[in-house]
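First comes the structure, then the notes that go with it.
Only the coordinates and a few stated rules stand behind these numbers; no lab work does. Being a predicted model, the structure only gives us computed values, none of them experimental. Glycine also receives a Cβ, built like all others from the backbone with ideal geometry; neighbour counts cover every protein chain displayed.
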Amino acid sequence: MNEQRNNNQRGGGGGGGRRGFDRRGGPPKEKSEFDSRMLDIARVTRVTKGGKRFSFRTTVVVGDGKGRVGVGVAQGHDVAQSMQKATNKAKKNVITVPIKKGTIPHAITYKYGSAVVLLKPARAGSGVKAGGPVRVVAKLAGIENITGKLIERTGNKINIARATIGALTKFKV
């Protein structure tokens with residue numbers, strides 16, 4: 001008798017309850033139009049009278065591979081929360097990149113904070129010749145052939161990503 005359950009009873013099997021909702025109670029996940037890559041996660045500390053309060057700062061780059069890309073930075077109490085907040089911020093800060101024949105229209109240099117980024121067009125078939133955050137931003141933007149270089153050496157991934165985004169917005173088309 002226990003083996004044959006009615007679908008109206010609570011418990012295992014079946015749809016698990018309301019139609020169109022998964023078991024965790026939220027609406028079903030729809031496929032996002034953007035791909036996302038995480039650039040950096042850092043544990044940050046705020047010192048208060050009662051002790052240290054820890055949170056996480058995450059930097060995320062989103063792009064659709066068709067010329068739209070954005071960067072977002074956010075903090076949260078745990079890694080998952082900070083990633084979700086950073087992804088939402090990145091989607092709000094999406095820019096459109098002019099892509100001509102798989103590359104950028106012309107060479108450009110841009111400075112953001114201590115990061116100075118040089119982006120140059122490359123001929124077809126050469127690929128993305130850049131490292132770190134410049135490569136991630138270029139790939140998610142859909143740029144197939146580009147040469148990227150950090151002129152001022154810095155380890156700050158956030159500033160490098162923002163300098164790359166700034167350079168991609170300054171094109172005269």
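The table below lists the values:
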{"read-out": "Distance (nanometres) between label positions extended 7 Å along Cα→Cβ at LYS101 and GLU152", "value": "3.4"}
{"read-out": "Proportion of all alpha-carbon pairs of segment 95-135 beyond 13 Å (%)", "value": "62"}
{"read-out": "Among the listed pairs LYS139/LYS170; LYS129/LYS172; LYS52/LYS149, those beyond 28 Å (Cα-Cα)", "value": "LYS52/LYS149"}
